[in-house]
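The structure appears below as structure tokens.
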């Protein structure tokens, strides 16, 4: 079907696991079930957008706190 042509490069090596953990935490907070088999074909656009939006919001908050010297 489709090939994964993801050209995004992680700046911090090893951050993939942390981002996955954050994805599962946010999904749990929002009550969204992440497919255990890795197939996202039945994932609604609304759920995917909500999940991505909240992850982005959390990452921005962490970045702002880090710049302010508040995040540990």
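Throughout, read-outs are computed from the coordinates displayed, never taken from laboratory work. Since the model is a prediction, treat every value here as computed from it, not as a measurement. Because the Cβ atoms are built from the backbone with ideal geometry, glycine has one as well, and the counts that use them run over all protein chains shown.
Miscellaneous remarks
- Helix 45-67 vs. the chain, principal-axis angle (Cα, 0 to 90°, nearest 10): 20 degrees
- Zero-based 5 Å bins, Cα pair distances in the stretch 15-67, whole percents: 4, 19, 26, 28, 13, 6, 3, 1
- Largest GNM mean-square fluctuation across 47, 20, 37, computed for the chain with C-alpha springs under 10 Å, falls on 37.
- Within the listed set 48, 27, 18, the residue fluctuating most in the Gaussian network model of the chain (springs between alpha-carbon atoms under 10 angstrom) is 18.
- Under 18 Å from the residue 65 label point (7 Å along Cα→beta-carbon), backbone N, the stretch 9-23: 18-23
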